[in-house]
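Worksheet: one structure, shown below.
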Amino acid sequence: MKHTKRIAIVMMALLVGFTLFAAGQKEVGTAKPVVLKISMAETSADVKAGVLQDLIEEVEAATDGRLKFELYFSNELGSLADVTEQMVMGGNILAGTSGDFYATYGSPDIMATALQYALPSADAVQKFNDSPLFAQIVADIEKGSGLKILCMNWAAAPRSVISTKPVRTIGDFKNLKLRVPGAAAASFFQALGSATESIPFSEIYTAMSQGVLEAAEAPLSTLYAYSLHEVAKNIYLSEHSLAPSCWAMSAKIFNGLTAEDQKILQDAMNKYGRIFTQKGLETEADYRAKMEAAGVTFVKPSAADVETLKKAGKASFDMFPNMTKGLYDQIASIIY
């Protein structure tokens, strides 16, 4: 009788153990994936959208679906300020914009990534992205705000200046009424003597048609997309910035991923940043040909003008005293 009772107890223990094991297996197998909503300002037709779609496919496959993405265009999730605050609060959003936007989130030094001529080439952007200095900036922002900056190497094509009157030398920038996107560009062109204005890009065509503005700056693809070559026939190839985007997400969500999935995501963001940058560079010749066919004259800066542009870029650092003293020289030692 006692023997039979012992067998029953053993059988019951085995049954309970198997049930718990099966439940555990079921729980692991049905774990919900982490879903990140990608917010971008551009439309679904933009080259960035295509690059992001490729990134999504690669990361979802590499993580076996543990990471999934939803892509939103034209600021569908809200303004950049709204989206960033959601990320700070732990929202499941991934978004990218120029570094100056994150300068108040724990490291004023990230402003340098947006300053003109600070990172004058795709190679310079990548070197800074991979540097210990940028890693420290990223760490400071995570500590200060709870934002995790994944990379800053999504660089647009070089930005140049289109104008209604010829700009052949640096001297022609003096008193030029020029539209700029924000403080980083304003500091640079003010150092060249320009009278800067900040208006929505969609209003530039009308403003230049009416003489309210004389110039604007952007990649050739953007200038062409907004048909500015119809009202302005001069382009000065200053190539003063590649406007690299810094991609950020909630540090809480990132740190909740496995080390393997963290690496997969961050490696992919860096990889496709390089791909996006290369695609932008490859389109430059096509857009130049289209604009030349429309009667636009291109001027390449002289060697002396390039040196002046570099000096203006360095001078703009002084307009942001919250940045670390000597930061320009630190960056120069990394990229040159």
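Can you tell me which condition LEU228 does not meet? The list is (1) more than 21 Å from VAL296 (Cβ to Cβ); (2) surrounded by 22 or more Cβ atoms within 10 Å (Cβ to Cβ); (3) among the aliphatic types (A, V, I, L, M), and all the others hold. Every listed condition holds for LEU228 apart from (1). For region 165-185, state whether one or more residues are under 28 Å from GLY90 (Cα atoms), surrounded by fewer than 15 Cβ atoms within 10 Å (Cβ to Cβ) and at pLDDT below 95. Yes: one or more hits. Residues in region 82-116 that are surrounded by fewer than 20 Cβ atoms within 10 Å (Cβ to Cβ) and not small (Gly, Ala, Ser): ASP82, GLU85, GLN86, VAL88, MET89, ASN92, THR104, PRO108. For region 88-140, the tally of residues that are among the hydrophobic types (A, V, I, L, M, F, W, C) and more than 17 Å from GLN266 (Cα to Cα) stands at 14.
Would you mind telling me which numbered condition in (1) touching a helix residue (DSSP H, G or I) at 6+ places or on another chain (Cβ under 6 Å); (2) crowded, with 16+ Cβ neighbours inside 10 Å THR324 fails? For THR324, the failing item is (2). Can you spot a residue in region 61-74 that is assigned to a helix (DSSP H, G or I), in contact with a Phe, Trp or Tyr (Cβ under 9 Å, 6 or more places away or on another chain) and either at pLDDT below 95 or assigned by TED's automatic domain parsing to the domain that holds ALA112 (or both)? Among the residues of region 61-74, not one is assigned to a helix (DSSP H, G or I), in contact with a Phe, Trp or Tyr (Cβ under 9 Å, 6 or more places away or on another chain) and either at pLDDT below 95 or assigned by TED's automatic domain parsing to the domain that holds ALA112 (or both), which makes the answer no. Meeting the requirement of 2 or more residues that are in contact (Cβ under 8 Å) with a residue 40 or more places away in the chain and within 30 Å of ASP109 (Cα to Cα), the helices (runs of 4 or more DSSP H) wholly within region 175-245 are 183-191, 220-225.
The rows are residues; the columns are (1) surrounded by fewer than 24 Cβ atoms within 10 Å (Cβ to Cβ); (2) over 19 Å from the mean Cα position of the chain (by Cα); (3) farther than 27 Å from MET152 by Cβ.
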{"residue": "GLY211", "(1), (2), (3)": "yes, yes, yes"}
{"residue": "LEU220", "(1), (2), (3)": "no, no, no"}
{"residue": "LYS233", "(1), (2), (3)": "yes, yes, yes"}
{"residue": "SER250", "(1), (2), (3)": "yes, no, no"}
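Within region 110-122, one or more residues are hydroxyl-bearing (Ser, Thr, Tyr), within 30 Å of GLU70 (Cα to Cα) and touching a strand residue (DSSP E or B) at 6+ places or on another chain (Cβ under 8 Å).
The values are calculated or read from the model by the stated rules, or taken from the named source; none is laboratory data. Here the structure is a predicted model, which means the values were calculated and not measured. Cβ sites come from the backbone with ideal geometry, for glycine too, and all protein chains shown count toward neighbours.
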